[in-house]
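Q: Let me give you the structure first, and then I'll get to my questions.
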Amino acid sequence: MPYLTEEELQELQEQLDQAKEQKRVADYTHNKVLRDEKEAASKFKIATIILGILALLGVAGTIYFMTFSNNSSMIAKSVHDKKIETLQEKVNTLEESNSALLAKYENGDFQQTGESLSGETVYAVQIGAFEKKDLSLYSDGFSNFREIRAGSYNKYALGNFKTLEEAKRFRKELVRMGFRDAFIASYQNDERVKIEEAW
């Protein structure tokens with residue numbers, strides 16, 4: 001059996017310690033490389049998902065703007081403001097006209113033009129039927145304002161038009177102003193008569 005000296009044994013022990021240290025360093029380096037690769041793969045997946053979402057949002061935004069934001073469907077603020085101003089001027093003119101007619105009527109200066117609506121069919125645009133509202137309580141001076149009581153309902157209509165075409169134009173204007181349910185009704189001698197078509 002071979003005999004080892006103390007120095008040889010010491011040297012073998014150092015070689016064994018060095019080998020263990022090299023193995024530990026190699027294992028650490030290997031594990032670090034694996035962790036770095038997993039982390040890089042995870043970051044790549046996240047970046048790919050984020051880029052995919054951004055690409056989808058970009059495509060969806062492009063489609064949306066191409067579909068819904070063409071110039072014909074968008075109204076410039078200046079055009080909108082001009083329309084509002086024009087409508088407000090019309091309302092002011094009508095209010096002044098109605099005030100002048102009401103003042104003439106109250107002063108007894110109102111003369112009938114000889115045209116009577118008796119026996120003629122006139123059209124009005126009904127703007128609502130309310131069970132618990134009575135607008136006649138607010139003012140007796142409503143001009144071209146018709147209140148019709150039907151059962152427990154108070155119905156309100158605006159205008160006295162000789163032709164259905166005039167009433168249609170007025171109804172369209174009221175719908176633009178927000179009275180979405182406005183419709184045309186016809187009256188003869190203050191009694192409601194049926195129109196052939198619903199307007």
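The values are calculated or read from the model by the stated rules, or taken from the named source; none is laboratory data. Because the structure is predicted, anything quoted here is derived from the model rather than measured. Counting neighbours? That spans all protein chains shown, and the Cβs are built from the backbone with ideal geometry, glycine included. Accessible surface areas use protein heavy atoms only, side chains included; no ligands, DNA or RNA. Shrake-Rupley method; radii C 1.70, N 1.55, O 1.52, S 1.80 Å.
Q: Per 0.36 nm of contour for each residue apart, how much would the distance between E166 and L57 grow if the chain were fully extended, relative to their Cα-Cα spacing?
A: Separation in residues times 0.36 nm, less the Cα-Cα distance, equals 34.3 nm.
Q: Round to the nearest 0.05 the FRET efficiency obtained for D36 and D81 when R0 = 45 Å and r is the Cβ-Cβ distance.
A: 0.15
Q: Continuing with this model, one more query. Pulled fully out, how much extra length does the chain show between Q10 and S99, if you take 0.36 nm times their separation in residues and subtract their Cα-Cα distance?
A: This chain segment gains 19.9 nm when fully extended.
Q: Grab the Cα-Cα distance for I49 and Y3, subtract it from 0.36 nm times how many residues apart they are, and report the gain in nm with one decimal.
A: That pair, I49 and Y3, stretches by 9.8 nm at full extension.
Q: Shifting gears a bit: Need one value: the accessible area of F65 in square angstrom, 1.4 angstrom probe, rounded to the nearest 10.
A: My reading of the accessible area for F65 is about 130 Å².
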